[in-house]
1. Condition check: hydroxyl-bearing (Ser, Thr, Tyr), over 30 Å from B:Ile100 (Cα atoms), without any contact (Cβ under 8 Å) to a residue 40 or more places away in the chain and facing another protein chain (nearest Cβ under 8 Å). Does B:Ser520 satisfy that?
2. Hey, can you tell me all the residues within segment A:258-271 that are surrounded by 20 or more Cβ atoms within 10 Å (Cβ to Cβ) and either within 21 Å of the chain's Cα centre (by Cα) or within 18 Å of A:Asp81 (Cβ to Cβ) (or both)?
3. Find the residue count for segment A:146-174, including only residues that are under 21 Å from A:Ile100 (Cβ atoms), in a helix (DSSP H, G or I) and not small (Gly, Ala, Ser).
4. Would you be able to say whether some residue in segment A:117-127 is within 29 Å of A:Ala303 (Cα to Cα) and within 14 Å of chain B (Cβ to nearest Cβ)?
5. Does A:Gln15 satisfy the criteria of being within 30 Å of A:Asp537 (Cα to Cα) and either more than 14 Å from chain B (Cβ to nearest Cβ) or not in a helix (DSSP H, G or I) (or both)?
6. Counting just the residues of segment B:308-335 that are buried (at least 24 other Cβ atoms within 10 Å of the Cβ) and within 16 Å of the chain's Cα centre (by Cα), which one comes out farthest from B:His428 (Cα to Cα)?
7. Looking only at segment B:446-483, count every residue that is under 22 Å from B:Lys309 (Cβ atoms), out of contact with any helix residue (DSSP H, G or I) (no Cβ under 6 Å at 6 or more places or on another chain) and part of a loop (DSSP other than H, G, I, E, B) and tell me the total.
8. Please go through segment A:496-509 and give me each residue that is at the interface with chain B (Cβ under 9 Å from one of its Cβ atoms), in a loop (DSSP other than H, G, I, E, B) and at pLDDT 95 or above, ordered by number.
2 protein chains.
Amino acid sequence: MSLELFERHQEKLDQACAAARSRGYWSAYKEMPSPRVYGESAQNDGIKAFQSHLGKAFEIDQPHNGTTKGSEDGPFGVTFDIDYPAPDVNAMMTAAKAAIPAWRKLGPKGRAGVCMEVLERLNARSFEIAFSVMHTTGQAFMMAFQAGGAHAQDRGLEAVAYGYDEMMRHPETADWVKPQGKNDPLEMKKKFTAVGRGVALMVGCATFPTWNGYPGLFASLVTGNAVIVKPHPRAVLPLAITVRVIRDVLSEVGIDPNLVCLAVDTLEAPITKEFATHPDTKIIDFTGSSEFGNWLEDNCKQAQVYTEKAGVNAIIIDDFDDIKGIARNLSFTFSLYSGQMCTTPQNIFIPKGGIDVNGENMSFDDVAKAIATGVEKFLSVPERAVEVLGTIQNKAILDRMEQAKGLGEVVLDTTQIDHPMFKGIQCHTPVIVKLNGDEIDKYSEELFGPIVFVIATEDTADSIQKMRKTISEHGAITLGMYSKNEDVIAQVEEAALEAGVNLSINLTGGVFVNQSAAFSDFHATGANPAANAALTDGNFVSGRFRVMQSRR
Amino acid sequence: MSLELFERHQEKLDQACAAARSRGYWSAYKEMPSPRVYGESAQNDGIKAFQSHLGKAFEIDQPHNGTTKGSEDGPFGVTFDIDYPAPDVNAMMTAAKAAIPAWRKLGPKGRAGVCMEVLERLNARSFEIAFSVMHTTGQAFMMAFQAGGAHAQDRGLEAVAYGYDEMMRHPETADWVKPQGKNDPLEMKKKFTAVGRGVALMVGCATFPTWNGYPGLFASLVTGNAVIVKPHPRAVLPLAITVRVIRDVLSEVGIDPNLVCLAVDTLEAPITKEFATHPDTKIIDFTGSSEFGNWLEDNCKQAQVYTEKAGVNAIIIDDFDDIKGIARNLSFTFSLYSGQMCTTPQNIFIPKGGIDVNGENMSFDDVAKAIATGVEKFLSVPERAVEVLGTIQNKAILDRMEQAKGLGEVVLDTTQIDHPMFKGIQCHTPVIVKLNGDEIDKYSEELFGPIVFVIATEDTADSIQKMRKTISEHGAITLGMYSKNEDVIAQVEEAALEAGVNLSINLTGGVFVNQSAAFSDFHATGANPAANAALTDGNFVSGRFRVMQSRR
């Protein structure tokens, strides 16, 4: 059994490894929710499968301590009322740890085969997972299907490929023969074994439970670790389904399914710290607030900690002719999932004296207005708008929008849209507020949600300087820029290297600064305060196992 | 210029990369101090070059603050009296940081070429460096030449190869073309740049300044960082020469030599903490005490910290027929550099009921005696003994030997040997002390120096259990075993994987448990308290840089 799954999926794994090295376009899973790809009945089956979870106990046979409901309150109005097993921390850690030796013995290929099989089965359940992502996070369906389904699976596969590649970097055995002049050579047989670090903890987030969760989960698994999956209490179901699929495959290949356990808590009684500081927890993956990410980094010294936290993503606007292109591209960028992406730009730096557009000066206010008008037009048809905006994930974000409006002149106010399908839900357009460059305290921290600041700087050099300062000190995952001057582009490229942020230049078409494609785009850099790791590079996987040597 | 050095050395670099992947025997630099290899006059030139440093100011033009003499007191009786520049911490950090952008722009190939050229020049100065290693560390000449010269250069090259390979894992540019059905595809040009973390601090040790220092130094350099080299105050000269060679090559290729600076302090006025906690220090490599290593790990959160610390290396002796082979092999192992290696075994676990040797029981005491007699015989000719033992590095080690003798029955007492060349120096044979297995407090911490405990356990299963406990809790870099039972070997292999230590099995010939060959043996595992990193694997290099992306 152990290599059967590997052989079944080897071709795709090899393609994934090759794609990760060449970094051109490649994707393993189809992003269109099309009946031709997923089957005529896939969508209806997915809805039914999703609904079948509601109001019931989620069946998963693992060490537990009663039940809990998480804090899933359905931003589209669906009542979850699912009973998940409540974790018994010590019993779960013990059970997970006990499952590791057999998992190690399966070897890199055996483990990669299991991970690939899991991903295939998750892909087959993409609709069920998409509806569960949609109704926990508030994403519109298409985004939930793409980011929560195929793209998350691609990111998971990418992690499997990097982990597999890293373990295969060294052979399992080697002969060492050292010549000794006229004497017989010295000879040794050497054996090298990739050994996982122990139990890994994956802490999910409320907005992208699968996309942000799968990389750490699969990177830890393939490299030989057990994983405790601790979903955000608002977005449990997508990861609960994922864990159950993993446990099914593990059982089928004769591995104790407690290798991967689901740990559900509530907003009122969180348990992450208890798992994170457990002496047997050797790896932690976290996506969420800077406050908690920093706490994990500072307090979990027994573990390798990989974090993605908050940041102040930015756009620098310099002289540029296609102002409509800017407005069109940024309208979508700001609106997608109501700006609740870790990659959505917040700070738009524009020279206060305006920019050159086709040889004519366009004032700061006109540039800001062009963008605001673009957003307004783009969201003018409610049926279309709600399919991009989705809903506001939680009330704190609404409060933050009100707060932002008090900081400066409101260039574009938010409006509430009535969702044609889901009545009474929180669907709001982005708010755009004008700030002066020297009001740095107002824009140097992340205000998560559909909040955009247009910031009047002295000139583009000043924009660059303020971008560098805010990103170096407070982090960012994305930086965008628009300029027709190659020397300005070169300056921003250099500044981006120094600030440690990935840069997108002159996007006016169908690619957006907040999108990041597996196998080609690195997500975050690990080089600024927004994240200490990147999805996915060698460093994301190489610390999750150690090579042990035996020689004779 | 930038690619000229790369092209000159590319063949050797490619060979090194291939050797690191295949892990068979390979070495780039000749380990025999032979006139045929290094030239007829090489040895005399090396002595003269070494002597020319003594009693003078060491010329190196870098930001400084007066002079310091380090604490080099010459264990073979040589008077150093060298004036090194005393570091001005902030000025040095500022200068090093300022040199980074040009170094980054040289690119992975340009930097690898510079590092290779440095290693070639260090190799050409192997005799000079060997004498400076010998007279600072107390190693005998042959060991100083091999471990301090060729083997250290091999470890440096290994780090260059891993760093280069890791950076070349991703292309510098890629075209991303995503099909859009009937519409035109989405197209992006992407650029990927490996960017170092900033300023690295390499903290050298007193016993193996080059062997333990070069891996971190070259790994940081090739991946685009500046490096502050902070030698142990007792062993400055080998690293001072190294830094000067690096600065020469940097100047020749037009890079500001302050990219690599030498920071010398004294035992009385250490400055490591000041450098280590500087906000611009982003990488730290350290070899030395667990106390200080743990302090660095706990207090330098702004940096990636790679440590090699103390441990309790062990040997498990089970039934074995070639008892002479054990005694012969361990005699050399215990004697080499007076047991002052991080790889020398301390705890020898032997069943109290003895072992089976060729079908007959050999009692615990007889096994212990066979080993003791082996050591005694091996060191019976002073001229030969001193060439293996070298000298005791510092007085604390002599005190520790006295302390060890008080812990149990002395099986072999230490004797002082008169060195035929260097009068009055501290040349001492190892001490062997018998302990009971349950006296775990006596042997669970490292007593660094020529101190061996033979420990009477219940049986081999108990030996394995005690090895696991001491190594899991206190760390180890090496574990050896002797057994003729394949099932016992399998048990120890499994236990070694769990304890996270590299294992050597049944060494009776010319390979010793405390030797570790670049490109084939991993030195330490990073999986137990003795070290958080291994020399060298992907994880040792991948955290020293980040990939930044620019796309348009």
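1. no
2. Here is the first cut: in segment A:258-271, the ones surrounded by 20 or more Cβ atoms within 10 Å (Cβ to Cβ) are A:258-265.
Matches in segment A:258-271: A:Val260, A:Cys261, A:Leu262, A:Ala263, A:Val264, A:Asp265.
3. Here is the first cut: in segment A:146-174, the residues under 21 Å from A:Ile100 (Cβ atoms) are A:156, A:159-160, A:162-164, A:166-168, A:170, A:172.
Retained after the next criterion (residues that are in a helix (DSSP H, G or I)): A:156, A:159-160, A:162-164, A:166-167.
Within this subset, residues satisfying the condition of being not small (Gly, Ala, Ser) are A:160, A:162, A:164, A:166-167.
Qualifying residue count, segment A:146-174: 5.
4. Within segment A:117-127 (the criterion being within 29 Å of A:Ala303 (Cα to Cα) and within 14 Å of chain B (Cβ to nearest Cβ)), the answer is no, since none of the residues qualifies.
5. Against the criterion (within 30 Å of A:Asp537 (Cα to Cα) and either more than 14 Å from chain B (Cβ to nearest Cβ) or not in a helix (DSSP H, G or I) (or both)), A:Gln15 qualifies.
6. The qualifying residue farthest from B:His428 (Cα to Cα) is B:Glu308.
7. Within segment B:446-483, residues that are under 22 Å from B:Lys309 (Cβ atoms), out of contact with any helix residue (DSSP H, G or I) (no Cβ under 6 Å at 6 or more places or on another chain) and part of a loop (DSSP other than H, G, I, E, B) number 5.
8. Hits for segment A:496-509 are A:Gly500, A:Val501, A:Asn506, A:Leu507.
The values are calculated or read from the model by the stated rules, or taken from the named source; none is laboratory data. Owing to the predicted nature of the structure, the values given are computational and were not obtained by experimental measurement. Positions of Cβ are backbone-derived with ideal geometry, glycine not excepted, and every protein chain shown enters the neighbour counts.
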